[in-house]
Amino acid sequence: MTAPVGTNRKMFWRIIRRLLFAHRGRLFVILLALGTGAAVTAALLNLQVDAKRRLTTEFRVLGANVIIAARGASDSRDSPKVLIESLFGQLPAENEGIPVTKAEFLYGIVDIAPLDPKEVNAKSHKSAKAVVAGFAIAVGSNYVAHGLEKIFPSTVVEGKNLNFLNVRTCELGQNLASEFQLHPGARLALKYGDAADVCDVSAIRSFGGSEDNQAFLELRAVQTLLKLPGRVSLIQASVPGTPESVGRYIATLAKAIPEADVRPIRQFTEAEARIYDRISGVLTATVAIVLLLTGLCVMAAMTNVAMERRNDVGLMKAIGGASRRVQRLFLAEAALLGLTGGLLGAAAGIALSIGLGKAVFGVAARPRLIVYPVAVALTIIVAIAGAFPLRRLTSIRPASVFRGEA
Amino acid sequence: MFVRLVADSVTRRPRQKLLTTAALALGMAVATAALSVSLDVGDRLAREFRSLGANLLVTPQADSLPLEIGGVDYRPVNAGAYLPEADLPKLKTIFWHNNIVSFVPVLEFSAAFSQDLAAQHPKYSGQVDNFHEVPVIGTWANRSIRIPDGANFATGAAKTNPWWHIDGSWFSDTVKECVVGRQLAQRYGVKIGDTILLRGREIAPPSTAIIDDTGERVSIRENVAFVVRGLLSTGGPEDNAVVIPLEFAQQMVGKPGKYRKLYVSALTKPEDDFGRRDPKTMKPDELERWSCSPYVSSIAYSIQQVLPGADVRVIRRVAEGEGRILARVRTLLWLVTLAALLAAALAVGASSAASVIERRTEIGLMKALGAGSGTVGFLLAAEQLLLAFMGGGIGYALGILLARVVGEKIFGAAPEPSLLILVVIIGLAAGVTLLGSALPLRRASRYEPAPILRGE
């Protein structure tokens, strides 16, 4: 019995080969349909996984979403409550593997006056009270020179974004600058009690909030000026991640530093959660619809192809092919087509998703390997399901086919 | 004869045709749904972004420099300038009035606050608890204002700042009621229904000031009682403040009809390089184009025109973030739509190619009977087009339904069906089926009738 089985198997594959390659145009069309389906499936699934993650990072253009302040607001005007600076180091450096940007601020009201010998108009010698903010910024656990806009998004109206940590320079809010008629390059005198300091204006920023009335200096300078070494007024952090994971970050932090008041900046966290839900909803819905209907389209194309096999089925049955074997033959053909189309399509899908990721987020989407076997498997399933009408063909009576009856 | 052939072909083998039409309809349904959702989603999301609150801030031009830390202004009460409340309805007369979603004027000051124990326990009559200095915010809770064209416009803090949560209810703008920040309420044990006192402006001239028991001069100020209607939690500085109706805040600081800050929430288009340019440097035609796009800066510009003495600033944090995220999401959805269109087009093209391929015998027969390649091609193309119109039409209807379901599920509102999409979809269906059948048709036109008819 071994020999006939062997011959049978050989014959089986021979028929399959002939079925596939007898008509190259047809083969091309089916592979195109299946391949496109697989490519779109792979690319969209990949984008779907990647885009949600990236969106939460993208939300950080809104700036800080967590604030850490001293417990109980300032009761008296003269001694605002402060935090110990060491708290700053206690913030977890990352959330969900993405570094957290955090900034510490110390605010004070000091006398400021422009100090430029060349500018001798009346207003330039005016001294007035203004709010100064000393700040230091860290991304993850490293201090960085740049990045005020990561906490307080703003645009530079005049001057340049300078590296100004450890340098005697300061940035001014738009209102403050126009009040004192200051431009980049001007020198500013700061006075608080008997302490005094000077700084050079490097840039003027527009925030559209109370920050427009403030001067931003390096934290150490302000700590020295206000005689509050090692103290900060508040800490703000821009924590990436989904709304739930930011919530967990806040809860963990609140437990770790009970002496401070850790809270989300609700204006941003709530809006983010809402918008995130909407966008990921639209994305999921669109991707689901596209996948479902791509599957159906491919299936329709396969069905069309299967229907034209009536003559072949009739002939096979006429020369003694058992229904089950005939059926197996065509299903094997469909599976083979699905596999090839799926593999080709998934490969195209990788390229497509890299391109899509680049176009949307400027960074190539990281290919998720799990997506590709899923896409290939789905294609095979769709191809076999598309060949399903062949089951009905097995009930075909050979004679009626040969008579040319429809 | 031509029409008869086409009609016959469609009616005689209904199953085949049904399959091709189904594939077409499904493909076009995806395309329709994806297109309508994408076209609609920008507007819907822009609206969602208003949950970030105001993106424009209006302050008096002549204002002195505010000394604001953590939401508390450390300036003396009399410093600084104010803007007239009466000008506010003009906001709804600017060119972009439909884009103004809401606005709310604010008057902040700091006042001595105390619980009115006398109102709660008769035994305290005549004395009140210690006064504490707290920030007070005068604003509109929910206000319906009459705008110059005669309609009413509902606005206020509740609408402008959706993240402000109220336990209890907002105050009504015309009664001496207030809401108290949650942290402040916790600190002093204030509950909903209590009465609090705020010490307002001096009611007697300084010369009649009395000397208190420590020997200091104390001016006589009136105490204003407010009933606490709700507890406010915002996650911001308002948690430590008392919020009262604007009208009474104006009375307390002696500035009737004035406010200090105005927050405006407007629907905008993300700024591009053109939108960021300074309108002063533009040529007249550029200025016109610029002011006819709802950029946040051009809305700011037109608000500035109707509010004399005001300085309108863009809240960068909200506006820039919104612009960037919107731009990203739009690209994302357009690409997904494009992928959907591509997939639909290829699948439909493939299925119409398959349907031409299987008709080789028919083509052979027609050619044997003397039909030219052109006639055969024309016949088959006409047939495919007929299917495309049917499939495209059904697909459009299906797609609109689908878009409706998706839109309602996600945004609570269905996208408007648009005729433009119908035209695009029918055109796409026709193009794709023709393209799909073109290749096999070209090959078919080269067929020799004889071998085909012999079944080779």
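Remarks
- Any hit, the stretch B:169-176, residues being within 14 Å of another protein chain (Cβ to nearest Cβ), surrounded by 17 or more Cβ atoms within 10 Å (Cβ to Cβ) and modelled with pLDDT of 90 or more: no
- Out of B:81, B:33, B:23, sole residue that is at pLDDT 80 or above and touching a helix residue (DSSP H, G or I) at 6+ places or on another chain (Cβ under 6 Å): B:33
- If only residues of the stretch A:53-72 that are basic (Lys, Arg) and within 10 Å of chain B (Cβ to nearest Cβ) are counted, the one that is surrounded by the most Cβ atoms within 10 Å (Cβ to Cβ) is A:60.
- Among the criteria (1) within 7 Å of chain A (Cβ to nearest Cβ); (2) under 30 Å from residue A:208 (Cα atoms), the one residue B:353 does not fulfil is (2).
- Against the test of being modelled with pLDDT of 80 or more, over 25 Å from the mean Cα position of the chain (by Cα) and more than 24 Å from residue B:81 (Cα to Cα), the options B:361, B:281, B:268 yield a single qualifying residue, B:281.
Table: residues versus (1) part of a helix (DSSP H, G or I); (2) surrounded by 24 or more Cβ atoms within 10 Å (Cβ to Cβ); (3) at pLDDT 80 or above.
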position	(1), (2), (3)
B:285	yes, no, yes
B:304	yes, no, yes
B:319	yes, yes, yes
B:335	yes, no, no
B:339	yes, yes, no
B:345	yes, no, no
B:348	yes, yes, no
B:355	yes, yes, no
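- Test: residue in the stretch B:328-339 that is within 49 Å of the chain's Cα centre (by Cα), more than 9 Å from chain A (Cβ to nearest Cβ) and farther than 30 Å from residue A:58 by Cα: no
- Considering residues of the stretch A:236-283 that are within 13 Å of chain B (Cβ to nearest Cβ) and assigned to a strand (DSSP E or B) only, the residue nearest to residue A:47 (Cα to Cα): A:238
- Flag for residue B:309 being out of contact with any strand residue (DSSP E or B) (no Cβ under 9 Å at 6 or more places or on another chain), in contact (Cβ under 8 Å) with a residue 24 or more places away in the chain and over 18 Å from residue B:424 (Cα atoms): no
- Entirely in the stretch A:104-214, the strands (runs of 3 or more DSSP E) that have 3 or more residues that are more than 21 Å from residue B:64 (Cα to Cα) and at pLDDT 85 or above: A:128-139, A:195-206
- One residue stands out among those in the stretch B:306-317 that are within 9 Å of another protein chain (Cβ to nearest Cβ) and not basic (Lys, Arg): the one that is surrounded by the fewest Cβ atoms within 10 Å (Cβ to Cβ), which is B:311.
- Checked against the criterion of being more than 7 Å from every other protein chain (Cβ to nearest Cβ) and crowded, with 20+ Cβ neighbours inside 10 Å, the candidates B:44, B:50 yield just one match: B:50.
- The stretch A:178-207, residues that are without any contact (Cβ under 8 Å) to a residue 40 or more places away in the chain and within 13 Å of chain B (Cβ to nearest Cβ): A:178
- When residue B:131 is tested against (1) farther than 26 Å from residue B:67 by Cβ; (2) hydrophobic (A, V, I, L, M, F, W, C); (3) at pLDDT below 80, just one condition goes unmet, and that condition is (1).
Results for (1) more than 14 Å from every other protein chain (Cβ to nearest Cβ); (2) free of Cβ contacts under 8 Å to residues at least 12 places away in the same chain, shown as yes or no for each residue.
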| position | (1), (2) |
| --- | --- |
| A:14 | yes, yes |
| A:17 | yes, yes |
| A:25 | no, yes |
| A:33 | no, no |
| A:37 | no, no |
| A:51 | no, no |
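- Taken together, the residues in the stretch B:404-436 that are in contact with an Asp or Glu (Cβ under 8 Å, 6 or more places away or on another chain) and touching a residue at least 12 places away in the same chain (Cβ under 8 Å) amount to 4.
- Pairs are defined by a Cβ separation below 8 Å, a sequence spacing of at least 6 or placement on different chains, a first member in the stretch B:137-162 that is within 24 Å of residue B:251 (Cα to Cα) and among the aromatic types (Phe, Trp, Tyr), and a second member that is surrounded by 15 or more Cβ atoms within 10 Å (Cβ to Cβ) and modelled with pLDDT of 90 or more; the pairs so defined are B:140/B:104; B:140/B:105; B:140/B:155; B:140/B:156; B:140/B:157; B:140/B:245; B:140/B:246.
- Cβ-Cβ distances below 6 Å connect the following pairs, each with a first residue in the stretch B:33-62 that is more than 30 Å from residue B:396 (Cβ to Cβ), a second residue that is at pLDDT 80 or above and acidic (Asp, Glu), and a separation of six or more residues or different chains: B:49/B:322; B:59/B:311; B:61/B:311.
- Restricting attention to the stretch A:208-223, the residues being more than 13 Å from chain B (Cβ to nearest Cβ) and touching a strand residue (DSSP E or B) at 6+ places or on another chain (Cβ under 7 Å) number 6.
- From the list B:437, B:445, B:418, the lone residue that is surrounded by fewer than 18 Cβ atoms within 10 Å (Cβ to Cβ), modelled with pLDDT of 75 or more and on the phi < 0 side of the Ramachandran plot is B:418.
- Checking residue B:361 against (1) closer than 19 Å to residue B:9 by Cα; (2) at the interface with another protein chain (Cβ under 9 Å from one of its Cβ atoms), the condition it does not meet: (2)
The values are calculated or read from the model by the stated rules, or taken from the named source; none is laboratory data. Bear in mind the structure is a predicted one, so any value in this text is a computation, not a measurement. Note: ideal-geometry Cβ built from the backbone for every residue, glycine included; neighbour counts use all protein chains shown.
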